[in-house]
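> This is the structure I have questions about; it appears just below.
The values are calculated or read from the model by the stated rules, or taken from the named source; none is laboratory data. Note that the structure is a prediction, hence the values are computed from the model and not measured. Here the Cβ positions follow ideal geometry from the backbone for every residue, glycine too, while neighbour counts run over all protein chains shown. Side chains included, ligands, DNA and RNA excluded: accessible areas come from the protein's heavy atoms. Shrake-Rupley method; radii C 1.70, N 1.55, O 1.52, S 1.80 Å.
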Amino acid sequence: MPATTGTTTAATIELADVFRAAGPAYRADGAGHLNLAALKVMAAIEHCRTASLGGHVEGCDACGHLRIAYNSCRNRHCPRCQGAAARDWLAAREADLLPVGYFHVVFTLPAEIAAIAFHNKAAVYDLLFRTASTTMMRIAADPKHLGARIGLTAVLHTWGSAMTHHPHVHMIVPGGGLSPDGTRWIDARPGFLLPVRVLGQLFRRLFLEGLAALHAAGTLVFFGTLAPLSDPRAFARALAPVRRKRWVVYAKPPFAGPKAVLAYLARYTHRVAISSRRILAFDGASVSFRVKDYRRDEAGRPRVMTLSATEFIRRFLLHVLPRGFHRIRHYGLLTGANRKAALAHIRAILGVPAPPRPTADAPDPQDSPGKARSPCPCCGGPMMIVGAFAGWHQPRGPPFRSTSHRAGSP
């Protein structure tokens, strides 16, 4: 997209710039309709690493140079903050890697179910996690397939490349598992873990059974065009086509070693709906960003999409997760309570040494005063925190509806 006067280009544009410029009007237009979670995410991204969140002052002992560092919002939907969070998470997970092949498996909900999931995020996303993990472990335990107890790490993504609502779970699965009696490690076949058609059939059955149970329990809510689905018969009719269609489970080839697994995890575990690197231009009214069209072949997939700033923000906020919802989960042999013992037992069977203990984390820029920081830019001397200043507070409730922004209002 050619640069125009007043356009912010890819060299400087960040997601926060779009939110700061177009967010106030978006909040005003949506007053009374935006939920508190969306308002908090918008506010956090807009104020991340600005004076609004407070920060600290660093001073050089040698030349007296002062430097101000602003605090991060640490919101899990903020692309600025998730890079550091991913590095910390990966450092802890590196010790969990086994000297075996790893597979990447993806479970995706059909579009008809995704519409229901959007209005019932906590219940349906949790059901997606449970049924996908149960499917993997049940088929893996079947003697006709792997015949072993496996472990896996699952990560929820709710977006497509264009930020449309597209809930799916990415899984990282070791290529094998423990025998039922726990005495042997059973390797998966080279380049093959489990049959995807069998996985898709069981996943469809388990998920639809679980969804019907949620409906019967009155857990699901329906709004707008989906309101008729509150009736059990209408709900059953709406799901009839979904019961007959094939649910696709995608399995990628195994990773080329543990380093490739970590590189993948670094890209996926703490990803948000769009990173600032994908934003190409913003002129105050529209946003252009890179997308991939997976309906085309590899060469034709990359393209540029331009949306109004309002639609861009709306799509981003589709993917705000419910408070307290865990989007990274571990199952089977990698469950928190069993992970250390299970991994030690597997390494003993494979005859490989335990990994080295992780090194201490680097100092946090928001830690208490007295810790050393990066060298002074003037003389190279040590910089120490010499003071701190407070910031703002998160909103605790939606704003009152205001009509002052409407045309013709006084």
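> For a 25 Å ceiling on Cα separation, which of these pairs sit above it: Lys121/Lys144; Lys121/Lys245; Lys144/Lys340?
Too far apart for the 25 Å limit: Lys121/Lys144; Lys144/Lys340.
> Could you sort Asp231, Asp88 by accessible area so the largest value comes first, with the probe set to 1.4 Å?
Values: Asp231 60, Asp88 95 Å².
Descending order: Asp88, Asp231.
> Which of the chymotrypsin sites (Phe, Trp or Tyr not before Pro) found in the range 163-226 are loop residues per DSSP with 11 or fewer other Cβ atoms within 10 Å of their Cβ? Show your work: numbers first, answer last.
On the way: sites: Trp185, Phe192, Phe203, Phe207, Phe222, Phe223; in loops: Phe192, Phe222, Phe223.
Sites meeting the loop and neighbour criteria: Phe223.
> With every atom except the alpha carbons ignored, what do you get for Rg and Dmax of the range 22-176, in angstroms?
Gyration radius and largest Cα-Cα distance of the range 22-176: 21.6, 72 Å.
> Could you work out the Rg to Rh ratio of the range 23-101, with Rh taken as the Kirkwood radius (inverse of the mean 1/r over all Cα pairs)? Mind dumping the intermediate values first?
Working: Rg = 18.8 Å, Rh = 15.9 Å.
That ratio is 1.18, to two decimals.
> Counting only Cα, what are the radius of gyration and maximum Cα-Cα distance Dmax of the range 57-109, in Å?
19.3, 60
> For the range 169-222, run through the trypsin sites (Lys or Arg not before Pro) and keep only the ones in DSSP coil with at most 13 other Cβ atoms within 10 Å of their Cβ.
Working: sites: Arg184, Arg197, Arg204, Arg205; in loops: Arg184.
Within the range 169-222, the qualifying trypsin sites (Lys or Arg not before Pro) (loop, at most 13 other Cβ atoms within 10 Å) are Arg184.
> The range 200-250: D in µm²/s via Stokes-Einstein (Kirkwood Rh, Cα pairs, 37 °C, 0.692 mPa s)? Intermediate results must be reported in sequence, preceding the final value.
Working: Rh = 11.8 Å.
Using the Kirkwood radius from Cα pairs, D works out to 279 µm²/s.
> Starting from a Cα-only point model with no solvent, please compute log10 I(q)/I(0) by Debye for the range 159-271 at q = 0.11, 0.13, 0.20 1/Å.
-0.59, -0.78, -1.21
> Taking the mean number of other Cβ atoms within 10 Å as a proxy for protection, how do you rank 346-354, 37-45, 323-331 from highest to lowest? Intermediate results must be reported in sequence, preceding the final value.
Details: 346-354: 12.3, 37-45: 20.8, 323-331: 14.4.
Averaged packing, sorted descending, gives the order 37-45, 323-331, 346-354.
> When averaged across all projection directions, what area in nm² does the alpha-carbon convex hull of the range 136-208 cover? Don't jump to the answer; show the numbers that get you there.
On the way: hull surface 23.8 nm².
So the Cα hull casts an average projection of 6.0 nm².
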